[in-house]
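For reference, the structure discussed in these notes is given below.
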Amino acid sequence: MDRKKKLPIGIEFFKDFKRDDYYYVDKTGFIQELVNTRGSVNLFTRPRRFGKSLNMDMLKCFFEIGTDPALFEGLEISREKEICKQHMGKYPVISVSLKDVEGIEFETAYDMLGSIISEEAGRFDFLLKSDKLGQYEKNSLVRLLEGDFGKPSYLHNSLRLLTKLLCKHYGIPVIVLIDEYDVPLDKAHQDGFYVEMVRLIRAMFSQVFKTNPNLYFAVITGCLRIAKESIFTGLNNFKVRTISDIRFADYFGFTENEVEELLSYYGLEEKFELMKEWYDGYRFGGQDIYCPWDVLNQCDKFLELDDAPMEAHWENSSSNAIVHDILASATETTKSQIETLISGEPIEKLLIPELTYTDLDSEDLEERQTYLWSVLFAAGYLTDADKPANGAHKLVIPNREVRGIYEKRIRSWFKIKVTGDTSRWKRFCEALKAGEYKEVEQLFNEFMAMSISIRDTCVRKEMKENFFHGMLLGLLRAEGSWSVTSNAESGIGYTDIRLEIPVLKVGCVIEVKYAEAGKYDQACREAMAQIEKNGYAEALKQDGMQTIHKYAIACFKKSCKVTYKLGTGHF
């Protein structure tokens, strides 16, 4: 069997692909497109984990003086002979990532940014021996190398200074690459020093990008398009390429053909439909795009175990706090729109293309919701269902993984809201353990009326059942003295929820069904028949439960019906 290339999970340095024999999805066409259509300053916004950092390092490897041309042999850009002749290895390149600029106070974040600039300056310490630079210029470089940023002006001017020294040494203007430019702003907003960080980043960018004769061009990446007036004041020939733009659409993330080729290479062709359901659905400039982080990680799982369960890899790489924020401030209109989205249908929204983080703190609730929808779109939690028309975006949840993020947040929000009403929630728990199924039905209906539901539309029945199953499970697990398991192995099948109260020797078997078109009685009969036929109560008997309550719960939109049978633990 031929030895396969390694999967490039988390690989951010372009040279590693050839050196360490990693599988590479060829994105070098990005270089040609950039050369032919670039502006002086070029901003690319894409969600996290869509290959921004790798593309930036690819640009550095291609343009930087002293590059190894062998890195690009056999790749798409190598066929563009004239571009390679004119541009490969021809420029000094400054490349910094701001993804680690953070701190609980501004001073710490300031020092971290200074350390990053100092480390990049260290790549050019050979300039200290340059006969093209004067002693005072070398002294300025020493200050950068030593991380002396006691005066704010030193840090403000640091990148511009590097472009000046490099251009003077080589006699060639400099390319500047800045990755994850908005991360320091996001973290500063969370930690309470956003205004200070905006001033710092604006001062640095203004110095290096505005009227700088030593700059050839710059590329900047981030998740959000921060308002020009906030960060990029006064820049001319400033080009922004967002997820809605046609150009560069297929250079971030994997196209469907690229996913099919990757799966074929590893002998995983039969996993394509699963990959599509879970990780496809993003629309960048009219292109169908998959999240590469998900595809690579799940391929790795399948290579380890052929029937490995599908996992939410992208979800687990961030806090997803933005979904919580929109739920926390949700109006009834917003709730209705979220119900539409998780049911698989689109909503129409006018979005704000440029944002500042202070917009998210607007006291005007309607205005704040508009900003939050805009961030959800830019950050990959929503995508275009179709080409925007008349300025409005037709938004949908991209795929099953992202839909799960909304559902988890909804369940968490629901649990907090319901258990916050202590007396009513305790009545529900008491009724459940006592077999008072009519009381259980009444209270669960009251709880559901307060929540976000799922509509009777195109989402598969089992996914609808999982939604309501999860809501109920969260409520039961809030009662810390109960043993609650989900989809536990019992009898000859799996029950939705199994509950044990050891001190009382009381157990419950709960089967949740989605009542298609409101057919509650039919769904309840099916659920109870499943409990009986598959012997779901047997595990409770084996655990010594003497009273066993069997509940069949049928849910539809914001209401339910509960049927009940009393079992016994005696054989």
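The values are calculated or read from the model by the stated rules, or taken from the named source; none is laboratory data. Everything quoted here is computed from the prediction, not taken from an experiment. Cβ placement follows ideal geometry from the backbone for every residue including glycine, while neighbour counts extend to all protein chains displayed. Accessible surface is based on the protein model in full, side chains and every heavy atom, while ligands, DNA and RNA are left aside. Shrake-Rupley method; radii C 1.70, N 1.55, O 1.52, S 1.80 Å.
Laid out as a table, the results:
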{"read-out": "Given (i) 164; (ii) 181; (iii) 144, the label whose value is volume of the Cα convex hull per residue in Å³ derived from this model", "value": "(ii)"}
{"read-out": "Sum of side-chain charges, ASP182 neighbourhood, beta-carbon under 14 Å (Lys, Arg +1; Asp, Glu -1)", "value": "+1"}
{"read-out": "Hz values of 3J(HN,Hα) by residue in segment 307-318 - Karplus curve (6.51, -1.76, 1.60), Gly and Pro given as x", "value": "9, 4, x, 5, 10, 9, 6, 5, 4, 7, 9, 7"}
{"read-out": "For the chain, calculated [θ]222 nm from helices alone, where every DSSP H run of n ≥ 4 adds -39500 (n - 2.57)", "value": "-13500 deg cm²/dmol"}
{"read-out": "The chain - percent of accessible surface contributed by carbon and sulfur, probe 1.4 Å", "value": "48 percent"}
{"read-out": "Size of electric dipole in the chain: Cβ of Lys, Arg +1 and of Asp, Glu -1, about Cα centre, debye, nearest 20", "value": "560 debye"}
{"read-out": "Distance between segment 444-484 and segment 166-214 - C-alpha centres, whole angstrom", "value": "47 Å"}
{"read-out": "Separation of the ARG427 and GLU261 label points, Cα + 7 Å toward Cβ, nm", "value": "6.3 nm"}
{"read-out": "Label point at SER329 placed 7 Å out along Cα→Cβ; residues across segment 363-401 whose backbone nitrogen lies under 14 Å", "value": "363-376"}
{"read-out": "Mean Cα-pair separation over length for segment 1-155, i.e. relative contact order, pairs under 8 Å, 6 or more apart, %", "value": "16 percent"}
{"read-out": "Degrees separating the helix 135-145 axis from the principal Cα axis of the chain, which is the longest one", "value": "10 degrees"}
{"read-out": "Which listed pairs, of LYS433/LYS461; LYS99/LYS461; LYS85/LYS187; LYS52/LYS417; LYS394/LYS426; LYS228/LYS417, have C-alpha distances above 32 Å, in listed order", "value": "LYS99/LYS461; LYS85/LYS187; LYS52/LYS417; LYS394/LYS426; LYS228/LYS417"}
{"read-out": "Anisotropy class of segment 57-156 from Cα gyration tensor, a/c 1.5 cut", "value": "oblate"}
{"read-out": "In Hz, Karplus ³J(HN,Hα) per residue of segment 66-79 (6.51, -1.76, 1.60; θ = phi - 60°; x = Gly, Pro)", "value": "x, 5, 9, x, 4, 4, 10, 5, x, 8, 3, 5, 5, 7"}
{"read-out": "Whole-number D in µm²/s for segment 364-503 (Stokes-Einstein; Kirkwood sum over Cα pairs; 20 °C, 1.002 mPa s)", "value": "122 µm²/s"}
{"read-out": "Nearest-ten-degree value, helix 332-342 long axis tilted from longest Cα axis of the chain", "value": "90 degrees"}
{"read-out": "Relative contact order (percent, whole number), segment 308-459, Cα cutoff 8 Å, 6+ residue spacing", "value": "30 percent"}
{"read-out": "Surrounding net charge for ARG79, when Lys and Arg each add one and Asp and Glu each subtract one, Cβ distance under 13 Å", "value": "-3"}
{"read-out": "Cα-centred dipole magnitude for segment 4-122, charges only on beta-carbon of K, R (+1) and D, E (-1), debye, nearest 20", "value": "680 debye"}
{"read-out": "Length added when fully stretched, LYS132-ARG3, from 0.36 nm per residue minus Cα-Cα", "value": "41.4 nm"}
{"read-out": "Accessible area (Å², per residue) of the chain, counting only protein heavy atoms and a probe of 1.4 Å", "value": "43 Å²"}
{"read-out": "Gyration tensor (alpha-carbon) shape descriptor, segment 1-116, a/c threshold 1.5", "value": "oblate"}
{"read-out": "0 to 90° range, to nearest 10: angle between helix 422-434 axis and the chain longest Cα axis", "value": "50 degrees"}
{"read-out": "Mean-position separation - Cα centroids, segment 115-157 and segment 304-339, in angstrom", "value": "44 Å"}
{"read-out": "³J(HN,Hα), Karplus 6.51/-1.76/1.60, whole Hz, each residue of segment 89-97, x for Gly, Pro", "value": "x, 10, 9, x, 10, 9, 9, 9, 10"}
{"read-out": "Other-chain or far-sequence residues with amide H under 5 Å of PHE556's (modelled H)", "value": "ALA515"}
{"read-out": "Value of relative contact order over segment 186-296, rounded to a whole percent, pairs C-alpha under 8 Å and six or more apart", "value": "22 percent"}
{"read-out": "Around MET450: net Lys/Arg minus Asp/Glu count, Cβ-Cβ under 10 Å", "value": "+1"}
